[in-house]
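Visitor: Before I ask anything, here is the structure I am working with.
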Amino acid sequence: MKIKKGDRVVVITGRDKGKQGEVTRVLPEENRVVVAGINMRKRHRKARTQAEQSQIVSFEAPIHASNVAHIDPASGKPTRVGYKFLDDGRKVRVARRHEPGKAGELIDR
């Protein structure tokens, strides 16, 4: 999976299309990610004791990884991701933009 915790992504399909956020959790077995402020759900939580009150709790539900795209650090636009080996032997993620001569911006920190 090319998406990692802390990445800036934009939703490309669905109810939250166009919204941007940061990945807070990655679920690689299910190919899903949790993005801050995206795909909000509500759960009605019943009181467990007499002193506690019932409440409605909002939380972020996972969204399929194919429904989000990385945000290019240079342009702020959605981009695909490729890999590249640096001179020191590290494998890093790079932005693959469609603009000629603009590809290759490092995504990894």
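Visitor: Restricting to the range 30-70, name every residue that is out of contact with any Pro (no Cβ under 9 Å at 6 or more places or on another chain), under 24 Å from Gly82 (Cβ atoms) and of a type outside the set (A, V, I, L, M, F, W, C).
Guide: Asn31, His64, Ser66, Asn67 - these are the residues of the range 30-70 that are out of contact with any Pro (no Cβ under 9 Å at 6 or more places or on another chain), under 24 Å from Gly82 (Cβ atoms) and of a type outside the set (A, V, I, L, M, F, W, C).
Visitor: Now for a different question. Could you count how many residues in the range 63-79 are assigned to a loop (DSSP other than H, G, I, E, B) and surrounded by 12 or more Cβ atoms within 10 Å (Cβ to Cβ)? Outline the logic, then answer.
Guide: Our first condition is that a residue be assigned to a loop (DSSP other than H, G, I, E, B); within the range 63-79, this holds for 72-77.
Checking which are surrounded by 12 or more Cβ atoms within 10 Å (Cβ to Cβ) leaves us with 72-75, 77.
So the count comes out to 5.
Visitor: A further question on this structure: Pairs only if they're at least six apart or on different chains, beta carbon under 8 angstrom, first in the range 72-98 and under 17 Å from Gly6 (Cα atoms), second among the hydroxyl-bearing types (Ser, Thr, Tyr); list them, first residue then second.
Guide: Note: pairs meeting the criteria are Asp72/Thr79; Val92/Tyr83; Arg93/Tyr83; Val94/Tyr83; Ala95/Thr79.
Visitor: Ok, one more. Quick check on the range 40-62. Is at least one of its residues in contact with a helix residue (DSSP H, G or I) (Cβ under 7 Å, 6 or more places away or on another chain), assigned by TED's automatic domain parsing to the domain that holds Met1 and either outside any strand (DSSP E or B) or within 16 Å of Met1 (Cβ to Cβ) (or both)?
Guide: Going residue by residue through the range 40-62, those that are in contact with a helix residue (DSSP H, G or I) (Cβ under 7 Å, 6 or more places away or on another chain) are none.
No.
Visitor: Got a sec? Which of Ile56, Ile63 is of a type in the set (Val, Ile, Thr) and within 17 Å of the chain's Cα centre (by Cα)?
Guide: On the way: Ile56 fails: within 17 Å of the chain's Cα centre (by Cα).
Criteria check complete, one pass: Ile63.
Visitor: Given the conditions (1) of a type in the set (Asp, Glu); (2) farther than 13 Å from Val11 by Cα; (3) modelled with pLDDT of 95 or more, which single one is not true for Glu22?
Guide: (2)
The values are calculated or read from the model by the stated rules, or taken from the named source; none is laboratory data. Being a predicted model, the structure only gives us computed values, none of them experimental. All Cβ positions, even for glycine, are placed from backbone atoms using ideal geometry, and neighbour counts span all protein chains on display.
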